[in-house]
Amino acid sequence: MVGTEEKASEGKPVGKLQTLLKSTSTRFTGRLGIRKQSEDGPDLPFARVSEEGMAGRGDGAVEDAAVTGAGAAPGGGAAGAATDGAFDGNGSLGAGGLTREQLAAAVAAAAAGGGGGGALMHQAPIPEHRVRKFHKLLGEPVVDLDALRELSWSGVPLTLRPQVWRLLSGYLPPAKSRQAHTLARRRREYADMVPEYYDIPHEERSEDEVAAYRQVAVDVPRTAPNVPFFHEPIIQESLQRLLYIWGIRHPASGYVQGMNDLVTPFLAVYLSEHLPGPMEGWSAAALDESIMLEVEADCYWCLCKLIEGIQDHYTYAQPGIQRAVFRIKELVRRCEAEVSDHLEAENVDFIQFALRWVNCLLVRELPFCLALRLWDTYLAEGTGFSEFLIYLSAAFLLSWRDRLTRLEFQDLILFLQRLPTADWAEAQLERVLSEAFILRSSYGDAQSHLRLG
């Protein structure tokens with residue numbers, strides 16, 4: 001596949017990124033969790049290290065012994081369906097631990113891959129020892145968020161995503177004893193916003209509010225065209241309500257086109273607690289207004305946390321996006337000058353393709369199941385995910401380095417705006433994430449690639 005080509009074309013110099021991949025992968029082998037990508041590809045790191053470059057509490061930090069604690073519903077499907085120590089029906093943790101049989105079933109389901117998610121939420125098999133580490137961490141009275149971030153960076157089991165994402169977003173507190181109360185309170189707060197901001201006569205809205213309402217109404221039907229369930233009337237209304245309320249409550253930016261894409265991973269994951277089986281088989285008839293309000297609340301608060309660190313991406317003139325695109329361009333120039341020079345020679349400006357990448361956090365460039373996997377890493381990055389997005393975008397572009405240098409202007413634009421990722425599996429995304437990790441490790445402290453002239 002083009003996106004996973006490793007060797008430079010014959011007669012061409014090997015770029016800096018390929019050299020970094022070869023040298024750095026060996027250097028990091030002893031520090032990071034390694035997973036084999038393919039028979040012809042290198043072993044590359046997928047876990048995070050601490051800011052000092054030393055091994056953090058990653059895959060090897062938690063013992064593989066039999067554990068107890070809350071977790072996924074055995075057998076996959078709705079994550080909230082388990083009892084006796086799993087989710088207690090309101091998205092929080094129960095008091096007890098999983099029985100040995102329940103834990104074994106949950107681990108086996110995650111290790112088998114998919115977790116009942118179907119193609120739209122498909123997940124590659126996760127090693128059993130990693131699943132057990134998640135259960136051990138989540139079963140503690142106070143979740144070690146640093147350890148959870150380290151473990152989640154390389155992917156979260158499908159049935160554990162609702163719980164893990166709430167914790168990584170800061171929506172749920174790490175103390176298990178406070179989770180149920182916090183969740184109920186935040187959901188009530190959102191429910192109170194609906195009549196205050198949304199369920200009002202149209203004539204009572206200000207001119208700006210009417211404009212925002214109309215913009216959301218235009219964008220919602222365009223959301224995730226390849227995910228039919230999102231176009232069910234009850235889901236469309238939920239998206240309309242959630243996004244409009246977010247925009248009104250955040251006047252510095254208001255609602256901006258593209259935000260509808262950012263909420264879709266949260267929506268799918270939190271709906272999975274109420275809708276068992278593959279997403280392709282979900283029925284909107286199983287949802288009612290009370291369920292949708294709970295799901296909306298969870299999506300709303302997690303969206304707030306996600307955008308909190310990239311607010312200037314969406315304020316007037318989008319200065320955050322402008323800076324991010326500039327930094328991507330400079331990074332590519334430093335590590336793969338051949339690609340940068342070719343794009344410049346063909347008069348292709350990075351803003352012509354990278355603006356959408358940054359604005360939608362690459363959601364539109366990937367199959368939906370890979371967007372969910374990408375969210376695992378974004379949320380694990382925490383407030384630093386916007387910085388990681390720079391390196392991820394550069395690595396994403398350079399995964400097609402050989403093809404890019406053979407195309408001329410018109411074909412370049414068409415290619416970059418419709419990248420051939422429809423058939424990508426997790427292996428391709430994991431490789432890009434790995435390259436982004438190596439770029440950050442190599443260039444993160446070298447500010448010369450951010451020069452202003």
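The values are calculated or read from the model by the stated rules, or taken from the named source; none is laboratory data. This one's a predicted model, so the numbers in the text were calculated from it and none came from an experiment. Note that each Cβ is placed from the backbone with ideal geometry, even for glycine, and that neighbours are counted across all protein chains shown. Remember, those area values only see protein heavy atoms, side chains included, never the ligands or the DNA or RNA. Shrake-Rupley method; radii C 1.70, N 1.55, O 1.52, S 1.80 Å.
For region 139-184 and region 273-338, compute the distance between their C-alpha centroids and round to whole Å.
The two parts, judged by their Cα centres, are 18 Å apart.
Taking a 22 Å limit on the Cα-Cα distance, which of the listed pairs K133/K305; K133/K176; K305/K329 fall beyond it?
Cα-Cα > 22 Å for K133/K305; K305/K329; rest within.
On the accessible surface of region 170-307, probed at 1.4 Å, how many percent belong to carbon and sulfur atoms?
52
With a 1.4 Å probe and all protein chains left in place, how much accessible area per residue does region 129-194 have, in Å²?
31
Given the Cα-Cα distance of Q257 and E308 and 0.36 nm per residue of separation, how much length would full extension add, in nm?
Length gained between Q257 and E308: 16.7 nm.
Place a +1 charge on the Cβ of each Lys and Arg in region 170-307 and a -1 charge on the Cβ of each Asp and Glu, then give the dipole magnitude about the Cα centre in debye, rounded to the nearest 20.
I would put it at about 660 debye.
Which of rounded, prolate, oblate describes region 170-307, given a ≥ b ≥ c as roots of the alpha-carbon gyration tensor eigenvalues and a/c under 1.5 marking rounded, otherwise prolate only if a/b is larger than b/c?
Oblate, because a/c is 1.5 or more while a/b does not exceed b/c.
Residue by residue through region 224-241, which ³J(HN,Hα) values in whole Hz follow from phi under the Karplus form 6.51 cos²θ - 1.76 cosθ + 1.60 (θ = phi - 60°), with glycine and proline marked x?
6, x, 8, 10, x, 4, 5, 9, 5, x, 5, 6, 4, 5, 5, 4, 4, 5
Subtracting the Cα-Cα distance from 0.36 nm times the residue separation, let me have the gained length for E196 to T182 in nm, one decimal.
This chain segment gains 2.9 nm when fully extended.
If R₀ is 35 angstrom, what is the calculated FRET efficiency for the pair T315 and E189, using the beta carbon separation as r and rounding to 0.05?
The formula returns an efficiency of 0.90 here.
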